[in-house]
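In what follows, a single structure is set out as C-alpha cells and then discussed.
Each reported figure results from applying straightforward, stated rules to the coordinates on display, with no laboratory input. Every value quoted in this text rests on a predicted model; they were computed, and no experiment measured them. Methodologically, a virtual Cβ is constructed for each residue, glycine included, from the backbone with ideal geometry; neighbour enumeration extends over all protein chains shown.
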Amino acid sequence: MLIRSLSRDRRGSTQPRRGGDHAWVIGDRSRGIANIRSGQISSEGLTLNALSKRYQVSTRPVRAAVRELIEERYLKKGDNGRITIRRKPPAAAVSPPQKPIDWSAVIANDLVRLSLEGEPVLLREETTAEKYGIGRSTVREIFLRLAGRGILRHLPRRGWQLRPFRQEDLDAYLAMRVTLEVMALDLAWPRLVDEDLQAMYDRNLLPESPNDGPTVDNSLHAYLIEKSQNPLIADFFDRHGAYYNVLFDYESLDRDASIQTVLQHREILEALLRRDRPAAERALVNHIRTNHPLANRPKSNATSSH
C-alpha cells in the first residue's frame, strides 16, 4: 500500500480529504512510487511526523503505508530506526530478461496441490510472503482473488483457511455439470452461429512437435451457457464453478490431458457445425465425465470430509 497524492480543489490548493483518516486513501502504488523516485519526497522528509503533516492525516495510516513500502523494498529502515529511500529499485521491480513470474498462478497451483491432500490448512500472509520472496501486499491481493474463486476463506485475526479437496464434492459437481450443460446445449441449439463455432475450433490446436504444448480454448462451455439464455444455469456456474475452474486450470499442466481436451473440444464442435445434435451431446457428456484426472484419482481417506 502506498500513499495516494492528495486531491486538489479547482483553485489548485491542496486540501485534505473530508472525513479524516478514513477518507484518506492508501493504495495508489504507481503514484506513491513516482513521488519517491521523482524526488518529491526525500529521505529527510521520511519521518512519520513529516509525512503526517504533508498529507494532513494522523501518523497511524502513515505508519501502515511506510511499513508496506519497506516490505516492498522501496524504503529501508536502518539500525538506528531512520527511514531512507533505496537508491536502487527493488529486485522485484527490475524487468528480467526472462518471462516475468506469474506469482498468482504459482501460488494458486501450489495451493491446489496442498488442497488435494484433503486437510484444511491455515495460511498467513507473512509466512507466504517469506516463502516466495515477495511483498505481503502482493500475497494479500492474490489471496483475495483466490478467496473470490472459493479456494480460500478469510478468518479475521487468524489468517486464510484453505478449502480442502473432497472427491465426493467434485463428483457431485460434475454430475450437475453434465445435466446443466446438456440442457444449455438444447436451449442454445437454435442460436448457434457457425462463425463462432469455427473460431473456437480453430483456437483448439494440437502440438506441432513433441516439444510443443497444445493450445486449449475452453470458451465453448461458457458459449453454450450464454446462448442458452437461462439465468438459473448461469447462476449455478457463477456460484459453484469458480473453485473447480482453479482445479481444472491445475489439470491443464498435464500435457496428455490437455491434448485430450483439444481432441474432445474439436469432436464436439465438429458435431455442432454439422448440426448433429445426438453426436454433439454424446461428445459433450463424454468430455465432462472423462477429461478430468482428478475425478479418476484413487479415493483415499485424505479426500474424505473433515
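Structure above, values below:
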| quantity | calculated |
| --- | --- |
| Mean Cβ neighbour count within 10 Å, used as a protection proxy, ranking 202-210, 245-253 highest first | 245-253, 202-210 |
| Gyration tensor verdict on segment 103-162 (Cα atoms; rounded if a/c is under 1.5, prolate if a/b is larger than b/c, oblate otherwise) | rounded |
| For segment 167-296, size of Cβ-based charge dipole, Lys and Arg +1, Asp and Glu -1, in debye | 360 debye |
| Two-site label geometry, residue 105 and residue 208: point separation in nm, points 7 Å out along Cα→Cβ | 2.0 nm |
| At R0 = 35 Å, FRET efficiency that the Cβ-Cβ distance of residue 279 and residue 251 yields, to 0.05 | 0.90 |
| Proximal aspartates and glutamates relative to residue 99, as straight alpha-carbon distance under 18 Å, when same-chain residues fewer than 8 apart are discounted | 212 |
| Among 131-141, 230-240, the order from most to least packed when residues are scored by Cβ within 10 Å on average | 131-141, 230-240 |
| Chain lengthening between residue 199 and residue 131 when straightened (0.36 nm per residue, less Cα-Cα) | 20.3 nm |
| Residues 186, 169, sorted so that the one with the fewest Cβ neighbours within 10 Å comes first | 186, 169 |
| Charge context of residue 186, other residues only, Cβ under 12 angstrom, K/R +1, D/E -1 | +1 |
| Residue 64 versus residue 154: modelled label distance in nm, points set 7 Å from Cα along the beta carbon direction | 1.1 nm |
| Cross-link reach list, aspartates and glutamates versus residue 76, counting only Cα pairs under 15 Å and skipping chain neighbours closer than eight places | 44, 68 |
